[in-house]
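In what follows, a structure is listed as structure tokens, so that the remarks can point back to it.
Any read-out appearing in this document is the output of simple, stated calculations on the displayed coordinates, not a laboratory observation. No experiment lies behind these values; they were computed from the predicted model shown. Methodologically, a virtual Cβ is constructed for each residue, glycine included, from the backbone with ideal geometry; neighbour enumeration extends over all protein chains shown.
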Amino acid sequence: MILFPAIDLKGGQCVRLKLGDMQQATVYNTDPAAQARSFEDQGFEWLHVVDLDGAFAGHSANGDAVEAILKATDNPVQLGGGIRTLDHIEAWLSRGLRRVILGTVAVRNPALVIEACRKFPDHVAVGIDAKGGKVAVEGWAEASELGIIELARKFEGAGVSAIIYTDIDRDGILAGINWTSTLELADAVSIPVIASGGLASLDDVRRMLEPDARKLEGAISGRALYDGRIDPGQALALIKANRAKETA
């Protein structure tokens, strides 16, 4: 089980949105590279980065900030937001990114995702962002008619390394993970699922360590880490203790 700290980029700064609304952005750090180093120093093993401007623009918009992050941390980094072509994927992986997250293109062009998995095995994740039970695209600005599980099943057997599932209705408001729909998704597919949106407290961390959640790869935390609602040392100690118990 992995706890992924999140860096969401808007205008080159680390921000958190409320309910996916770009007009409700709180700036937490003006130096994304320093934030990445801080997360590594705290003991986190991965880093989750989203180019928010890129998600709306359809191409990378915070490239300099992402490159600074990659230089600042030895942790593996996964990046989503505006990655829409095989050339985009190859360019980011060549710069040291561990995993790209494909969201809008997974809805618009699932064949491209399957081809990307073939060309870049173990380096492609799918981001499924849902609002009202339907998949949202274009930086959460548009709703599709696709159901969550319907989309996920398109990629069974394709080699997708993970599905990052975000409940937009809970994102950034510290309401807790939507465990019901997250675990339903994890039960429906063989692809590892990462929970996102609403992780609010150590109780959520404890919940993701329960037996029925073991099928998850982990969860992403943003605002709760920045606001101090989750103490990194305590959260990581819980995860470490759980790993030791499972391997004993």
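Some observations on this one:
- Distance from the range 107-124 to the range 41-62 (C-alpha centre basis), Å: 19
- Too-long pairs where the Cα-Cα distance tops 22 Å, listed order kept, from LYS131/LYS240; LYS154/LYS215; LYS119/LYS154; LYS215/LYS245: LYS131/LYS240
- Under the shape rule built on the C-alpha gyration tensor, where the axes satisfy a ≥ b ≥ c, the chain is rounded, since a/c falls short of 1.5.
- Cα gyration tensor, the range 1-115 - rounded (a/c under 1.5), prolate or oblate: oblate
- Ranked by how many other beta carbons lie within 10 Å on average, peptides 102-108, 182-188, 52-58, 89-95 from highest: 102-108, 52-58, 182-188, 89-95
- When each of the peptides 156-167, 68-79, 111-122 is scored by the mean number of other C-beta atoms lying within 10 Å of its residues, the order from highest to lowest reads 156-167, 68-79, 111-122.
- Beta bridges by DSSP in the chain, antiparallel share as percent, to the nearest 5: 30
- Max mean-square fluctuation residue, GNM over the chain, Cα-Cα springs under 10 Å, options ARG223, ARG207, ARG99: ARG207
- Extending 7 Å from Cα along the Cβ direction at ALA237 and again at ASP64 yields two label points whose distance is 4.1 nm.
- Within the straight-line cut-off of under 20 Å between alpha carbons, the aspartates and glutamates reachable from LYS71 are ASP8, ASP31, GLU40, ASP41, GLU45, ASP51, GLU90, sequence neighbours fewer than 8 places apart in one chain being disregarded.
- Whether the range 180-248 is rounded, prolate or oblate, judged on the alpha carbon gyration tensor where a/c under 1.5 counts as rounded: oblate
- Relative contact order (%) - the chain, alpha-carbon pairs under 8 angstrom, separation at least six: 18
- For the range 1-86, share of DSSP beta bridges that run antiparallel, in % to the nearest 5: 50
- Taking every alpha-carbon pair within the range 40-81, the share separated by more than 13 Å comes to 53 percent.
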